[in-house]
Amino acid sequence: MPVDCKTPRPGIETASLTDVGLQRENNEDSLLYWEPDTDQEFRRKGRLAIVADGMGGYEGGQEASRIAVETVRHLYDRDFAGDPQAALLNAFLAAHDSIQRYAFEHPQFYGMGTTCTALAIVDRQLYFAHVGDSRLYLVRGESTSKLTRDHSYVGRLVESGIVRSEDAESHPQRHILTAALGSGNVISPQVSEQPLSLEENDVLLLCTDGLWGVVGDQDLAQAAGTRPLADACMKLVRMALERGGPDNVTLQLLRVSAK
């Protein structure tokens, strides 16, 4: 399991890892970390990180997650007009349309779709957009916050008070999605209401449900604090596999460091 440890510009440390798991034949997850080529563009657009978990059959899920990641990156870069949050939202809407168009042109992939969770960091301000049940966590000291809301059947039950949040993680229907890129006519991505100011040593964890579905929040937070981040990635994937590895496992870790 080679860990991808890119060398970003100063201010952040990154590492990512994806694994097919123990019960799937292929990996339908996709991920990306991106920075603009020039320093001038970097000061405007910052950094972008994405994870996506595809669905729709042997190749359909792979294609859906790939299209989502590539489209979000391309549109965020190409159509950026000064507002990172608006750029993320517009990129998600375009990715939704691109996946549906691909499915129309390739009928064998009818029903393809994907979760997608993306963040942008511009001058230590965090923005994000999200559809599905991949997740974004913020680990700050001893505190762990789940910044995204699962677009799932059980998520709705929690919001309506029918299911307790502490019972949702083990609910047998927790993986039934109510929203995904490429699914349905209209999507309403969750976005950050306002940018979140990041602090030195904050850790951001992006992951698919192949990780959080078998590794609880406390273990996620504890492992995310491991240094270096490559070791944290290995530790978390190993935990998922030791607990059955029922799905593809994908994560990205980003730690805020000195500028």
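The values are calculated or read from the model by the stated rules, or taken from the named source; none is laboratory data. Predicted, not measured: the structure shown is a model, and the values here were computed from it. Here Cβ is always computed from backbone atoms with ideal geometry, including for glycine, and neighbour counts include all displayed protein chains.
Pick from the range 183-198 the residues that are touching a residue at least 12 places away in the same chain (Cβ under 8 Å) and assigned to a loop (DSSP other than H, G, I, E, B): which of them is farthest from Gly132 (Cα to Cα)?
Taking the candidates together, the pick is Leu198.
Could you check the range 36-63 and list, in sequence order, the residues that are under 14 Å from the mean Cα position of the chain (by Cα) and among the hydrophobic types (A, V, I, L, M, F, W, C)?
The answer is Leu48, Ala49, Ile50, Val51, Ala52.
Within the range 26-35, can one find any residue that is more than 25 Å from Asn248 (Cα to Cα) and over 16 Å from the mean Cα position of the chain (by Cα)?
Within the range 26-35, one or more residues are more than 25 Å from Asn248 (Cα to Cα) and over 16 Å from the mean Cα position of the chain (by Cα).
With respect to the numbered conditions (1) more than 16 Å from the chain's Cα centre (by Cα); (2) within 25 Å of Arg255 (Cα to Cα); (3) without any contact (Cβ under 8 Å) to a residue 40 or more places away in the chain, which one is the sole condition not fulfilled by Asp97?
The single condition Asp97 does not satisfy is (2).
Would a scan of the range 155-166 turn up a residue that is more than 18 Å from Val214 (Cα to Cα), loosely packed, with under 13 Cβ neighbours inside 10 Å, among the β-branched types (Val, Ile, Thr) and modelled with pLDDT under 95?
Yes - at least one qualifying residue is present in the range 155-166.
How many residues are among the hydrophobic types (A, V, I, L, M, F, W, C), surrounded by fewer than 19 Cβ atoms within 10 Å (Cβ to Cβ) and over 16 Å from Val122 (Cα atoms) when one looks only at the range 60-82?
Looking only at that region, the number is 0.
Going through Val72, Val122 one at a time, which residue ends up being closer than 24 Å to Val20 by Cβ and aliphatic (A, V, I, L, M)? Steps first, please.
Numbers: Val122 fails: closer than 24 Å to Val20 by Cβ.
Testing whether each residue is closer than 24 Å to Val20 by Cβ and aliphatic (A, V, I, L, M) leaves just Val72.
Restricting to the range 221-251, what's the tally of residues that are more than 17 Å from Gly21 (Cβ to Cβ) and of a type outside the set (Lys, Arg)?
11
I'd like the residue in the range 136-149 that is of a type in the set (Ser, Thr, Tyr) and free of Cβ contacts under 8 Å to residues at least 24 places away in the same chain and, out of all such residues, is nearest to Thr226 (Cα to Cα).
Of everything passing the filter in the range 136-149, Ser143 is nearest to Thr226 (Cα to Cα).
Can you find a residue that is out of contact with any strand residue (DSSP E or B) (no Cβ under 9 Å at 6 or more places or on another chain) and assigned to a loop (DSSP other than H, G, I, E, B) anywhere in the range 122-132?
Residues of the range 122-132 that are out of contact with any strand residue (DSSP E or B) (no Cβ under 9 Å at 6 or more places or on another chain), as a first pass: 123.
Those still in the list that are assigned to a loop (DSSP other than H, G, I, E, B) too: 123.
Within the range 122-132, one or more residues are out of contact with any strand residue (DSSP E or B) (no Cβ under 9 Å at 6 or more places or on another chain) and assigned to a loop (DSSP other than H, G, I, E, B).
Does Ala224 qualify as being closer than 15 Å to Glu142 by Cα, buried (at least 21 other Cβ atoms within 10 Å of the Cβ) and not acidic (Asp, Glu)?
yes
With respect to Gln108, is the statement that it is under 17 Å from Asp209 (Cα atoms), more than 19 Å from the chain's Cα centre (by Cα) and not aliphatic (A, V, I, L, M) true?
no
Can you name every residue in the range 208-259 that is of a type in the set (Val, Ile, Thr), in contact (Cβ under 8 Å) with a residue 40 or more places away in the chain and part of a loop (DSSP other than H, G, I, E, B)? Break it down into steps so the answer makes sense when it comes.
We begin by selecting, within the range 208-259, every residue of a type in the set (Val, Ile, Thr); these are 208, 214-215, 226, 237, 249-250, 256.
Subsequent filtering for residues that are in contact (Cβ under 8 Å) with a residue 40 or more places away in the chain retains 208, 237, 249-250, 256.
If the condition is that a residue be of a type in the set (Val, Ile, Thr), in contact (Cβ under 8 Å) with a residue 40 or more places away in the chain and part of a loop (DSSP other than H, G, I, E, B), then Thr208 is the only one that fits.
Mind telling me which of the residues Asp123, Asp133 ends up being of a type in the set (Asp, Glu), surrounded by fewer than 24 Cβ atoms within 10 Å (Cβ to Cβ) and in contact (Cβ under 8 Å) with a residue 12 or more places away in the chain?
Asp123
Of the residues Gly11, Gly57, only one is modelled with pLDDT of 95 or more, at positive phi and surrounded by fewer than 22 Cβ atoms within 10 Å (Cβ to Cβ); which?
Working: Gly57 fails: modelled with pLDDT of 95 or more.
Result of the check over Gly11, Gly57: Gly11.
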